[in-house]
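Enquirer: Sharing a structure below in C-alpha cells format, with a few things to ask.
The values are calculated or read from the model by the stated rules, or taken from the named source; none is laboratory data. The shown structure was predicted, so the numbers you read here are calculated from the model rather than taken from an experiment. Virtual Cβ from ideal backbone geometry, glycine too; neighbours counted across all protein chains shown.
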Amino acid sequence: MKRHRRALQSEPPSVGGRPPLINKEKIVEAALRMGVDNLSMHGLARELGVSTTALYRYVASREALLDECMDTFCARVSLPDAGLPWDRYLLELGQSFRVALKRTPGASAYGIKIGPTTPAAFTIVEYSLAVLIRDGFSPLGAFQAYGLVLDHVFTFVQKEEQLVRLEEENGQYGYKVLQLSEDELEQFPNLEAALNQMLPPDFEQSYARQANIIVNGLKPG
C-alpha cells in the first residue's frame, strides 16, 4: 500500500509577537516519549498543552509524525566503521542503537512495532548489509542477521525501561521469581545461581553477554 508522507511543516509565525508554545522539536520529542501505542494527535496536544488545531499547523498527520520520530531517532545512531569484521560490526552497531535508545526514552516501541520506514532508516540497513555481504553473507542471510541483533537490542532496552520503572514505583524489579526466598529457591540451584548474579541488575553486562551469544551463533551464508 502506498504511503503518503508529508514532512513537518515549517514553523508558523507567532501571533501578536508572542513566542509559540510548541515547535518541531518539542512535538517530536513528546511523541517519542508517548510511544507508538499511546500516540494520538489529541493525546499529544494534551501532553503539550495546546489545541489539536495548533498541532496540525506543524504536522500533517499521525503518519507523518511517526516518520519524523523515526528520522529523529536514526540521526542519533552512530554507524560503526564499515571496515570492521562483520561480527565486530554487529556488536558495535547494537551498542550504538542501545546508546541512542537510552537517549530517547520510549523509542524502543517504534522499532518493535514499526521497523524501518524512512530513507534515513533504510540507509542504516543498507550500510550494514553491505558489511555483512562483503564478509560472505547472502543478502537474505545478512538481513536476517541484522534483524536478529536489532530485535534483541530494541526488546532488551524496552524491558530495561520497564524494570527500572517498576523498581522506581514499587521497590522491586517486577518478576515474581526475584521475590522468592532462599528456601523456596533451594530446589532450583541453577536458577538461584543466575539470580545471584543478576541482583541488582547490571544491564550493561547483561546486554553485552546476550549480544555476544547472539552474534557468536551467526555465520556467513
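Enquirer: Of all residues in region 64-83 being in contact with a Pro (Cβ under 9 Å, 6 or more places away or on another chain) and more than 16 Å from residue 99 (Cβ to Cβ), which is surrounded by the fewest Cβ atoms within 10 Å (Cβ to Cβ)?
Expert: 71
Enquirer: Could you look through region 162-221, keep only residues that are aliphatic (A, V, I, L, M), within 24 Å of residue 108 (Cβ to Cβ) and modelled with pLDDT under 65, and pick out the one that is surrounded by the fewest Cβ atoms within 10 Å (Cβ to Cβ)?
Expert: 199
Enquirer: Turning to a different aspect of this structure: Does residue 146 qualify as being hydroxyl-bearing (Ser, Thr, Tyr) and under 16 Å from residue 217 (Cβ atoms)?
Expert: yes
Enquirer: Hey, another quick one. Name every residue in region 87-99 that is under 12 Å from residue 150 (Cβ atoms) and buried (at least 20 other Cβ atoms within 10 Å of the Cβ), in order of residue number.
Expert: 90, 93, 94, 97, 98 - these are the residues of region 87-99 that are under 12 Å from residue 150 (Cβ atoms) and buried (at least 20 other Cβ atoms within 10 Å of the Cβ).
Enquirer: Same structure, new question: Just name the residue that is farthest from residue 64 (Cα to Cα) out of those in region 111-140 that are in contact with a helix residue (DSSP H, G or I) (Cβ under 6 Å, 6 or more places away or on another chain) and hydroxyl-bearing (Ser, Thr, Tyr).
Expert: This residue is 128.
Enquirer: Taking the criterion of being more than 20 Å from the chain's Cα centre (by Cα), modelled with pLDDT of 90 or more and among the aromatic types (Phe, Trp, Tyr), would at least one residue in region 77-89 satisfy it?
Expert: Yes - at least one qualifying residue is present in region 77-89.
Enquirer: Among the candidates 96, 78, single out the residue that is free of Cβ contacts under 8 Å to residues at least 24 places away in the same chain, among the hydroxyl-bearing types (Ser, Thr, Tyr) and in a helix (DSSP H, G or I).
Expert: Only one candidate passes the filter, namely 96.
Enquirer: If you go through region 44-63 one residue at a time, how many are assigned to a helix (DSSP H, G or I) and within 28 Å of residue 99 (Cβ to Cβ)?
Expert: So the answer is 5.
Enquirer: Could I ask something else about it? Among the candidates 129, 148, 140, single out the residue that is free of Cβ contacts under 8 Å to residues at least 12 places away in the same chain and of a type outside the set (S, T, N, Q).
Expert: Result of the check over 129, 148, 140: 140.
Enquirer: Have a look at 39, 66 and point out the one that is assigned to a loop (DSSP other than H, G, I, E, B) and over 11 Å from the mean Cα position of the chain (by Cα).
Expert: The unique qualifying residue is 39.
Enquirer: Residues in region 113-129: is at least one closer than 16 Å to residue 152 by Cα and among the aromatic types (Phe, Trp, Tyr)?
Expert: no
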